[in-house]
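Structure first, commentary second.
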Amino acid sequence: HLGTQGDDGGSWEGVSTGRLDKSQPLVCGHTAPVLDIEWCPHNDNIIASGSEDCTVMVWEVPDGGLVRPLTEPLVTLEGHSKRVGIVAWHPTAQNVLLSAGCDNAVLLWDVGSGQALVELRDLHPDTIHSVAWSHDGSRLCTSCRDRRVRVIEPRSGRVLAVSEKANPHEGSRPVRAVLLDDGKILTTGFSRMSERQVALWDPVRPRPLATQ
């Protein structure tokens, strides 16, 4: 199944692959366009959505899919002052959800209580382009508009490693970064000539091990 944003901006659709039925029920709750959604890895019926309305909503989709519009989220998470472009469930801990907004903040939520467990508000000087958990959830890897990649310990808020600025992806498009199981970092981006690039990093070194 897929989740797709609806044309009205504040809704999205949970649909099967293939041609979309125009009568497909929508998940409607946000008051502005939905920017990101992610299914929960621990419960196939739970999905989170982040929106330009500065909120994160968590939804429960019934077994068999939607037969009528879903308008009431399980919980609405409010803590960002600008639009929320990234949501990511913790890979091992249930009910823990990450959100990142254009307020340059990363928040970790207890979905059960609706409260923020951790607020990382001073680690990024500009818009966050991507956030990825390590496989065990002990670290985060982020890329930022300041053209740096950071490895962060979320519990303490400590930055464990940071890349050199604009190296090697010097193009204007956003850089994406993920943490690999062996602790290395894989980034994707563009050169100044708009050529696609992939780079492999060791977090203890400021420059990439390899670029292609």
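The values are calculated or read from the model by the stated rules, or taken from the named source; none is laboratory data. Here the structure is a predicted model, which means the values were calculated and not measured. Please note: Cβ atoms are built from the backbone with ideal geometry, for glycine as well, and neighbour counts cover all protein chains shown.
Some points to look at:
- Lone qualifier among THR71, THR76, THR92, THR31 - being touching a Cys at 6+ places or on another chain (Cβ under 9 Å), farther than 19 Å from THR127 by Cα and β-branched (Val, Ile, Thr): THR71
- Applying the criterion of being among the basic types (Lys, Arg) and assigned to a strand (DSSP E or B) to the residues of the stretch 176-211, the residue that is farthest from ARG145 (Cα to Cα) is ARG196.
- Subset of the stretch 69-84 [of a type in the set (A, V, I, L, M, F, W, C) and without any contact (Cβ under 8 Å) to a residue 40 or more places away in the chain]: LEU74, VAL75, LEU77
- Out of ASP122, ASP136, sole residue that is surrounded by fewer than 21 Cβ atoms within 10 Å (Cβ to Cβ) and closer than 23 Å to ASP182 by Cα: ASP136
- A count restricted to the stretch 175-212 and to residues that are of a type in the set (Phe, Trp, Tyr) and over 25 Å from GLY137 (Cβ atoms) stands at 1.
- Residue that is farthest from ASP136 (Cα to Cα), among those in the stretch 30-64 that are surrounded by 13 or more Cβ atoms within 10 Å (Cβ to Cβ) and small (Gly, Ala, Ser): ALA32
- Selected residue (criterion: surrounded by the fewest Cβ atoms within 10 Å (Cβ to Cβ)) from residues of the stretch 159-212 that are among the hydroxyl-bearing types (Ser, Thr, Tyr) and farther than 19 Å from THR127 by Cβ: SER194
- Output for the stretch 32-90, where each listed residue is touching a strand residue (DSSP E or B) at 6+ places or on another chain (Cβ under 9 Å) and charged (D, E, K, R): ASP36, GLU38, GLU52, ASP53, GLU60, GLU72, GLU78, LYS82, ARG83
- Any hit, the stretch 4-21, residues being among the aromatic types (Phe, Trp, Tyr), outside the structural domain of SER130 (by TED's automatic domain parsing), at pLDDT below 95 and more than 23 Å from GLU119 (Cβ to Cβ): yes
- Hits in the stretch 48-84 (condition: part of a strand (DSSP E or B), under 15 Å from ALA32 (Cα atoms) and β-branched (Val, Ile, Thr)): THR55, VAL56, THR76, VAL84
- Complete set of residues in the stretch 139-158 that are in a loop (DSSP other than H, G, I, E, B), out of contact with any His (no Cβ under 9 Å at 6 or more places or on another chain), surrounded by fewer than 16 Cβ atoms within 10 Å (Cβ to Cβ) and touching a residue at least 12 places away in the same chain (Cβ under 8 Å): ARG155, GLY157
- In this entry, LEU98 is excluded by the filter for residues that are within 24 Å of ARG173 (Cα to Cα), hydrophobic (A, V, I, L, M, F, W, C) and outside any strand (DSSP E or B).
- Residue in the stretch 157-194 that is nearest to the chain's Cα centre (by Cα), counting only those that are of a type in the set (D, E, K, R) and modelled with pLDDT under 90: ARG173
- HIS90 fulfils the conditions (1) farther than 21 Å from HIS30 by Cα; (2) touching a Ser or Thr at 6+ places or on another chain (Cβ under 8 Å); (3) modelled with pLDDT of 95 or more except for a single criterion, (2).
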